[in-house]
Amino acid sequence: GESVGLHLPTLSVQEGDNSIINCAYSNSASDYFIWYKQESGKGPQFIIDIRSNMDKRQGQRVTVLLNKTVKHLSLQIAATQPGDSAVYFCAELNYGGSQGNLIFGKGTKLSVKP
Amino acid sequence: DTAVSQTPKYLVTQMGNDKSIKCEQNLGHDTMYWYKQDSKKFLKIMFSYNNKELIINETVPNRFSPKSPDKAHLNLHINSLELGDSAVYFCASSQDRGGSYTFGSGTRLTVV
């Protein structure tokens with residue numbers, strides 16, 4: 001079946017280090033991918049997105065890499081800060097899919113140690 | 001102004017009751033959604049709706065029904081609540097089905 005999964009459920013990093021959160025997806029027809037950040041007691045918040053015709057996109061302190069060959073997505077956070085502590089979700093969308101809704105992965109909890 | 005707002009933030013109710021969760025978006029988006037987040041943080045689509053089409057995830061019990069009085073609102077009505085309905089419910093909206101979603105802050109439903 002179609003699914004979006006994550007390699008690591010938890011990730012602990014030292015403040016100032018770079019963080020890498022990985023995601024594997026199974027639907028090779030997915031066109032669009034988004035990373036969301038969810039802080040405790042809040043809704044998912046958009047971080048960065050990438051379309052399937054790209055392999056890299058950079059934002060402020062964040063970079064998303066897409067490897068369609070192995071169906072892998074990663075989120076890199078530079079100089080991780082305590083405020084980055086949250087659960088991170090990758091999500092995929094297939095424009096031509098029967099429902100065309102955003103499908104979420106299971107989430108990775110990022111903890112930043114001061 | 002909050003882009004996507006849900007009320008109430010917390011809802012505690014007894015089994016068998018009927019309850020509603022309200023959602024409003026002021027982004028002018030065309031499509032709205034309801035997601036359920038379980039205790040393991042997994043987010044699962046329940047409904048998507050625009051002024052033309054309602055799409056229901058086939059795994060959602062028919063005790064759950066979305067109601068949209070207008071394009072800016074999508075309320076979630078739940079009949080005969082069960083213990084397993086306890087979760088956090090998120091409303092979201094997007095400009096169209098192909099764009100990023102903006103989420104509300106969630107409603108934590110506890111059925112006792």
Stretchable slack from B:Ser20 to B:Lys71, in nm (0.36 nm times residue separation minus alpha-carbon distance): 16.6 nm
Positive minus negative residues near A:Pro9 (Lys, Arg vs Asp, Glu; Cβ under 10 Å): +4
Theoretical gain in end-to-end length, B:Asn51 to B:Ser5 [0.36 nm per residue, Cα-Cα removed]: 14.6 nm
For chain A, accessible area per residue (1.4 Å probe, heavy atoms of protein chains only), Å²: 49
Ratio Rg/Rh, restricted to the protein assembly as shown and using Cα atoms, in which Rh is the Kirkwood radius: 0.97
Portion, in percent, of the accessible area of chain B that falls on carbon or sulfur, probe 1.4 Å: 49
Stokes-Einstein translational diffusion, chain B - Kirkwood Rh over all Cα pairs, 1.002 mPa s, 20 °C, in µm²/s: 154
Solvent-accessible area buried by pairing A with B, both sides, nearest 100 square angstrom, 1.4 angstrom probe: 1600
Residues of segment B:73-95 with amide N under 20 Å of the 7 Å Cα→Cβ point at A:Arg51: B:94-95
Area of A:Asp17 that stays accessible when all protein chains are in place (1.4 Å probe, Å², to 10): 80
Nearby lysines by direct alpha-carbon distance to A:Lys113 (threshold 19 angstrom, same-chain neighbours under 8 apart not counted): A:Lys37
For the protein assembly as shown, cysteines whose Cβ has no other cysteine Cβ within reach (under 4.7 Å): none
Per-residue SASA entry for A:Ile77, accessible area with 1.4 Å probe, Å² rounded to 10: 10
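The values are calculated or read from the model by the stated rules, or taken from the named source; none is laboratory data. These figures come from a predicted structure and were not determined experimentally. Glycine also receives a Cβ, built like all others from the backbone with ideal geometry; neighbour counts cover every protein chain displayed. Each accessible area value is taken on the protein alone, full model and side chains, heavy atoms only, with ligands, DNA and RNA left out. Shrake-Rupley method; radii C 1.70, N 1.55, O 1.52, S 1.80 Å.
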